[in-house]
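Below is one structure; the comments refer to it alone.
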Ligand SMILES: CC(C)(COP(=O)(O)OP(=O)(O)OC[C@H]1O[C@@H](n2cnc3c(N)ncnc32)[C@H](O)[C@@H]1OP(=O)(O)O)[C@@H](O)C(=O)NCCC(=O)NCCS
């Protein structure tokens with residue numbers, strides 16, 4: 001399968017925070033943001049493999065600052081690395097000031113999607129060919145995140161996660 005650049009899957013979605021999206025403090029609910037991110041990531045994953053994709057896991061999401069009613073929120077997604085049937089989608093979330101127009105990064109996240117056939121069986125996806133320094137860094141670190149995600153999900157044992165050896169050895 002021919003490798004694809006992360007630019008080929010690059011996807012953005014822009015949203016305005018409406019009253020129905022907020023919590024009792026008038027800030028964006030975390031669940032709504034996760035939903036926007038899931039949809040944006042699914043489109044990016046489909047652009048990479050042109051197959052039906054399903055969310056396998058949602059990793060490393062932290063909400064670093066509140067997002068207020070009326071703010072404009074942009075989610076940017078691209079595939080950082082593909083394995084055999086799974087893809088890591090790396091996302092960054094930005095808020096645009098209502099009056100200043102300044103873009104501020106609020107959080108980033110890594111979701112894992114799997115390409116499936118008509119009966120939901122995982123199928124192979126094209127590899128990723130990183131080009132820029134940032135793309136290469138995300139590509140390299142994706143293996144560590146994959147092993148950590150599988151370990152936390154109880155799908156592999158520590159011995160099957162060589163990338164995490166140093167972490168467990170406390171180095
Ligand atoms: C995701 C799913 C297709 C994986 O199917 P499976 O039978 O477990 O398949 P496998 O064990 O062969 O794993 C397939 C790939 O998914 C990856 N994977 C499976 N579970 C994972 C998890 N929890 N986190 C990260 N990756 C995972 C595997 O590492 C493998 O990747 P690779 O082929 O690139 O090496 C299946 O679990 C599923 O359909 N889950 C429900 C998806 C869904 O409905 N999402 C919406 C949530 S409401």
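Any read-out appearing in this document is the output of simple, stated calculations on the displayed coordinates, not a laboratory observation. Being a predicted model, the structure only gives us computed values, none of them experimental. In this analysis, Cβ positions are derived from the backbone assuming ideal geometry, glycine residues included, and neighbour counts consider all displayed protein chains.
Using C-alpha pairs under 8 Å with a sequence gap of at least 6, the mean separation divided by the residue count of the chain gives a relative contact order of 24 percent. Which residue, 23, 107, 59, has the most motion in a Gaussian network model of the chain that connects Cα atoms within less than 10 Å? Its mean-square fluctuation being the largest, the pick is 23.
Axis of helix 133-152 versus longest Cα principal axis of the chain: the two differ by about 80°, to the nearest ten degrees.
Report, to the nearest 10°, how far helix 30-49 tilts away from the longest principal axis of the Cα atoms in the chain, using its own Cα long axis and a range of 0 to 90°. Approximately 50 degrees, to the nearest ten. Extension gain for residue 64-residue 123 works out to 17.7 nm (0.36 nm per residue, less the C-alpha to C-alpha distance).
Suppose R0 equals 25 Å. What FRET efficiency, 1/(1 + (r/R0)^6) with r the Cβ-Cβ distance, do residue 5 and residue 144 give to the nearest 0.05? Plugging the Cβ-Cβ distance into 1/(1 + (r/R0)^6) gives 0.70. Note on the chain: with a GNM built from Cα contacts shorter than 10 Å, the maximum mean-square fluctuation among 132, 22, 40 falls on 132. Each stretch of four or more DSSP H residues adds -39500 (n - 2.57); spread over every residue of the chain, this sum gives -8500 deg cm²/dmol at 222 nm. Modelled label positions at residue 16 and residue 55, each set 7 Å beyond Cα in the direction of Cβ, lie 2.5 nm from each other. Per-residue extension of 0.36 nm, minus the Cα-Cα distance of residue 136 and residue 156, leaves a gain of 4.7 nm for this segment. Rg and Dmax of region 109-162, both derived from C-alpha coordinates alone, stand at 13.5, 38 Å. Highest mobility in the GNM of the chain, judged by mean-square fluctuation with C-alpha springs under 10 Å and restricted to 83, 94, 63, is found for 63. Each principal axis of the chain carries a Cα extent, and these read 49, 40, 35 Å when sorted largest first.
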